[in-house]
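Report on one structure; see the data block that follows.
The values are calculated or read from the model by the stated rules, or taken from the named source; none is laboratory data. Computed from a predicted structure; not experimentally measured. Here the Cβ positions follow ideal geometry from the backbone for every residue, glycine too, while neighbour counts run over all protein chains shown.
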């Protein structure tokens with residue numbers, strides 16, 4: 001029996017392979033060379049197989065990472081587009097003022113609110129003109145005493161705040 005250690009040179013390193021020959025005639029160089037050659041080829045094929053499997057696994061891992069990155073970029077892009085869309089809608093959307101800010105006669109937002117005895121608010125210029133043209137009666141037909149109309153400064157302030165918060169209300 002012949003026990004020999006051969007060193008096989010591979011891509012990156014040197015690996016020892018222990019090859020055991022059981023032969024009656026150890027002088028048969030041709031058989032030894034053939035066995036050694038087959039063993040070396042087998043070792044090299046195994047090493048190449050492992051190398052290509054690792055390379056394939058790396059490529060697959062990189063492909064998955066690229067897909068995940070692309071999906072994340074797409075998600076962020078769509079999210080950004082949705083935020084932009086909502087911003088533009090909000091920016092261009094004409095806000096509706098609360099009903100108490102609207103004069104019941106002109107249906108416009110009140111600038112200088114006058115409140116009557118019943119708590120109804122009107123635009124100052126509109127209600128005074130309306131009362132003059134309609135024998136002192138409001139839009140509901142009730143007679144209003146002009147001396148009892150008072151400016152509602154609290155409502156005027158609230159309307160001013162609302163207008164500043166909604167610059168595109170017109």
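Points worth noting:
- Residue check for residue 130: outside any helix (DSSP H, G or I) and at pLDDT 90 or above: no
- Of the residues making up the range 151-170, those that are over 19 Å from residue 106 (Cβ atoms) and not in a loop (DSSP other than H, G, I, E, B) are 153, 154, 157, 161, 164, 165.
- Flag for residue 117 being modelled with pLDDT of 90 or more, over 46 Å from the mean Cα position of the chain (by Cα) and either closer than 30 Å to residue 87 by Cα or assigned to a loop (DSSP other than H, G, I, E, B) (or both): yes
- Total residues in the range 90-114, condition under 45 Å from the mean Cα position of the chain (by Cα) and over 20 Å from residue 161 (Cβ atoms): 4
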